[in-house]
Amino acid sequence: MRTILCSAGTSIAGSGKALTEIQSRATGWNDATDGLREQIAERLKALDLATESGRVRASAELNALHRLRLKQDDEVVLFCTDTADGRCCAGAVQRVITEQFGVRTVIIERIEGLQVRDGALLRDTGLLNLSERLIRYLEDPNRRLGGGCVLNTNGGFKGLVPFFAILGMIFRTPVVYVFELAESLIHLPPLPIGWTAHVSSARRSGGCSRRL
């Protein structure tokens, strides 16, 4: 069983009015998303999600997951922003993975403080929470000794890619990405170094403390 750790964004919603409206203001995790949910449902109805072309067009996350050839026993974890649109879109991706790929375990990880409206909150809270949560999965012995982890950076805002890539290189974990015009996954190679994380020290200093 592999654990596939995905940055999750809003591409499954396309670029319609409902997404534009909800992203025009700051939202909380539990804010209403009725219009956005309807927009996503209508968009997905027009796609054949049983086919490669439908999955590739549906969202950035599903594009990469299809190319990873998901199996029922794989575990998928979606790391999403602490916003209403992040929750709604991650939920839609979760449903497609469950219903169309047959994957039994799909987890949504809400990352507190991960948003793009408040730079200080993103820097001091969101990115630290994301890094800590990723490290928790990457260091888990059951996952490391099982099928291992794969980092999928295809979804979400591009500012997250370096965090996924650096942790993947340090933990010697495969990192995958699909470039817009590419038809196959790009694999980023690991670095020949090790890592010891000190979460409490990182929080006190406002950065990442490590021993190499």
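The values are calculated or read from the model by the stated rules, or taken from the named source; none is laboratory data. As the structure is a computational prediction, the values presented were derived from the model and not from experiment. Note: ideal-geometry Cβ built from the backbone for every residue, glycine included; neighbour counts use all protein chains shown. Side chains are part of the model used for accessible areas, which takes the heavy atoms of the whole protein and leaves out ligands, DNA and RNA. Shrake-Rupley method; radii C 1.70, N 1.55, O 1.52, S 1.80 Å.
Structural remarks
- ALA92 meets all of the listed conditions (1) within 21 Å of VAL176 (Cα to Cα); (2) aliphatic (A, V, I, L, M); (3) out of contact with any Lys or Arg (no Cβ under 6 Å at 6 or more places or on another chain) but one, namely (1).
- Flag for VAL56 being within 29 Å of ASN142 (Cβ to Cβ) and within 18 Å of the chain's Cα centre (by Cα): no
- Taking first residues from segment 81-105 that are aliphatic (A, V, I, L, M) and partners that are assigned to a helix (DSSP H, G or I), the Cβ contacts under 6 Å between residues at least 6 apart in sequence or on separate chains come to ALA92/ILE12; ALA92/ILE40; VAL93/ILE12; VAL93/GLU61; VAL103/ILE97.
- Selected residue [among the charged types (D, E, K, R) and buried (at least 21 other Cβ atoms within 10 Å of the Cβ)] from ASP124, ASP85, ASP118, ASP34: ASP85
- Looking across segment 149-164, the residues that are out of contact with any Asp or Glu (no Cβ under 8 Å at 6 or more places or on another chain) and either open to solvent by less than 10 Å² (accessible area, probe 1.4 Å) or on the phi > 0 side of the Ramachandran plot (or both) come down to LEU151, THR153, GLY156, LEU160, PHE164.
- For segment 62-90, a tally of residues being modelled with pLDDT of 95 or more and more than 14 Å from VAL103 (Cα to Cα) returns 12.
- Boolean, ALA50 is farther than 19 Å from LEU185 by Cα, without any contact (Cβ under 8 Å) to a residue 24 or more places away in the chain and open to solvent by 30 Å² or more (accessible area, probe 1.4 Å): no
- Odd one out for THR20, checked against (1) under 19 Å from the mean Cα position of the chain (by Cα); (2) hydroxyl-bearing (Ser, Thr, Tyr); (3) open to solvent by 80 Å² or more (accessible area, probe 1.4 Å): (1)
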